[in-house]
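Note sheet for the following structure.
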Amino acid sequence: MRLKMRGLLAPLAAALIFISLSLPAAAATGNGESGESQVISLEKAVSMAVQNDKGLKSALQEIERTRSLRESAQENVNFTPVEGGYSGPYGPQIEASWLQLLGADLNYRMSQRTYQANLDALALKVCKAYWDVQVAQEKVALQEKVKQQALLNLQNARAAVQAGTASASELAVIENLFKQAEDSLTAAKHNLDDAYAAFNNLVGLDASARPILNEQPSYSPLQVADLEYEVQRVLEHDPNVWKAQQNIDVKRWSAEMMYSSGSYTPYDARQAELKQAEYNLENVKEAMAKATRSLYYQVKSVEENYGAAVAALEAAREKLRVEQAKAAAGMNTRAEVVAAELDVAKAQATVDELVRNHAYLKLAFEKPWAMSSGG
């Protein structure tokens with residue numbers, strides 16, 4: 001279909017630019033083969049999701065449908081009223097046909113904007129699903145380290161019981177902690193399966209596929225010179241604000257035409273519809289402005305936590321270096337080294353999760369409507 005290529009490739013390019021401009025460049029990854037060895041970059045994941053998403057295919061058909069209805073409405077208009085030059089009724093047929101054309105034209109243009117908004121939403125959703133897999137993988141690795149520590153403690157406790165330096169009740173506590181570590185690891189693996197299932201469903205892979213998703217976001221603070229300027233930028237591009245503004249234009253025409261609905265509509269009713277459209281625009285703008293400011297402060301909150309998390313990671317690494325040095329000199333036990341390794345793993349996981357959350361919020365701040373459009 002003629003529109004399909006234009007309607008798909010151009011918005012897809014915009015979505016990929018949306019990602020590439022908002023995130024630091026990462027090393028390119030190949031497509032690989034299907035199955036365990038398939039390596040998927042973030043850009044490739046978005047492209048796969050666009051090809052797979054049924055909602056986008058339906059949105060393309062909506063563009064075709066509204067275009068056809070607009071053309072049909074255009075054929076029914078044989079007289080074009082002059083805006084601002086109204087001096088009396090043009091007649092029921094002329095007014096109704098003209099308003100039908102305005103409505104059909106708005107629906108057609110809105111279907112195009114809706115498609116782009118849904119594409120933005122899908123790109124953001126894929127980013128989150130991609131990074132959710134990485135978070136789940138990191139939590140599995142962390143729980144494996146927790147289980148390793150619990151096993152070492154269990155082995156030491158059993159040896160202590162045999163040596164008579166620990167009681168059976170103390171051993172039972174350690175055994176229970178080991179069982180909890182096993183259960184937590186099992187739960188983490190299930191969560192990883194769920195994360196993969198969500199990602200695979202988006203990009204069109206089998207539920208059992210385990211592609212390699214190794215493109216990591218890097219951290220760079222959000223640079224905003226003037227928050228209110230950014231709010232205005234969003235309001236100028238938000239498709240919901242645009243639709244509300246366009247609807248006011250249609251209602252202005254309708255307010256001047258007593259037969260615009262096909263039958264007589266009282267003046268007060270037409271003016272009330274215009275006022276409703278104006279109030280709706282203000283509500284939509286206020287909601288989007290609030291969402292934009294909220295996203296900004298969320299990003300800044302993450303940035304404040306990031307510094308403390310990095311400092312905690314460095315402290316954990318230094319402690320591990322000390323414990324490793326002591327172990328080399330025979331001054332501590334393997335358990336103390338494993339405990340320090342676990343602290344490093346936990347601190348690293350905290351930093352990584354902050355980085356991914358920060359990257360997601362920065363993308364959302366670029367196009368806040370993407371968090372609600374298209375589900």
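The values are calculated or read from the model by the stated rules, or taken from the named source; none is laboratory data. Treat the numbers as computed from the prediction; the structure is a model and nothing was measured. We place every Cβ from the backbone using ideal geometry, glycine too, and count neighbours over all the protein chains shown. These accessible areas exclude ligands, DNA and RNA; they are computed on the full protein's heavy atoms, side chains included. Shrake-Rupley method; radii C 1.70, N 1.55, O 1.52, S 1.80 Å.
Below are the figures for this structure:
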{"read-out": "Residue match in region 202-216 (condition: hydroxyl-bearing (Ser, Thr, Tyr), farther than 30 Å from Asp105 by Cβ and not in a helix (DSSP H, G or I))", "value": "yes"}
{"read-out": "Pairs where the first residue, in region 230-246, is open to solvent by less than 30 Å² (accessible area, probe 1.4 Å) and the second is assigned to a helix (DSSP H, G or I) and among the aromatic types (Phe, Trp, Tyr), C-beta under 7 Å, 6+ apart", "value": "Asp238/Trp369; Pro239/Trp369"}
{"read-out": "In region 152-200, the residues that are touching a helix residue (DSSP H, G or I) at 6+ places or on another chain (Cβ under 7 Å) and open to solvent by 70 Å² or more (accessible area, probe 1.4 Å)", "value": "Asn156, Arg158, Ala168, Glu170, Glu175, Leu177, Lys189, Asn191"}
{"read-out": "Filter result for Gly85 (part of a loop (DSSP other than H, G, I, E, B), surrounded by fewer than 18 Cβ atoms within 10 Å (Cβ to Cβ), at pLDDT below 50 and within 28 Å of the chain's Cα centre (by Cα))", "value": "no"}
{"read-out": "Of residues in region 247-260 being part of a loop (DSSP other than H, G, I, E, B) and touching a Ser or Thr at 6+ places or on another chain (Cβ under 8 Å), the one surrounded by the most Cβ atoms within 10 Å (Cβ to Cβ)", "value": "Ser260"}
{"read-out": "Residue check for Ser263: among the polar types (S, T, N, Q) and either open to solvent by 70 Å² or more (accessible area, probe 1.4 Å) or more than 30 Å from Ala289 (Cβ to Cβ) (or both)", "value": "yes"}
{"read-out": "Residue pairs meeting the criteria (Cβ under 6 Å; at least 6 apart or on separate chains; first at positive phi, in region 170-198; second in a helix (DSSP H, G or I) and charged (D, E, K, R))", "value": "none"}
{"read-out": "Filter result for Tyr297 (open to solvent by 80 Å² or more (accessible area, probe 1.4 Å), of a type in the set (Phe, Trp, Tyr) and under 25 Å from His358 (Cα atoms))", "value": "yes"}
{"read-out": "Search result, residues across region 344-357 that are out of contact with any Leu (no Cβ under 8 Å at 6 or more places or on another chain) and not aliphatic (A, V, I, L, M)", "value": "Asp352, Glu353, Arg356, Asn357"}
{"read-out": "Residues within region 310-362 that are of a type in the set (Lys, Arg) and either open to solvent by less than 40 Å² (accessible area, probe 1.4 Å) or in contact with a Phe, Trp or Tyr (Cβ under 8 Å, 6 or more places away or on another chain) (or both), tallied", "value": "2"}
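For (1) closer than 17 Å to Asn118 by Cα; (2) among the basic types (Lys, Arg); (3) in a loop (DSSP other than H, G, I, E, B); (4) modelled with pLDDT of 95 or more, each residue gets a yes or a no:
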site	(1), (2), (3), (4)
Ala28	no, no, yes, no
Val46	yes, no, no, yes
Ala49	yes, no, no, yes
Gly55	yes, no, no, no
Ser68	no, no, no, yes
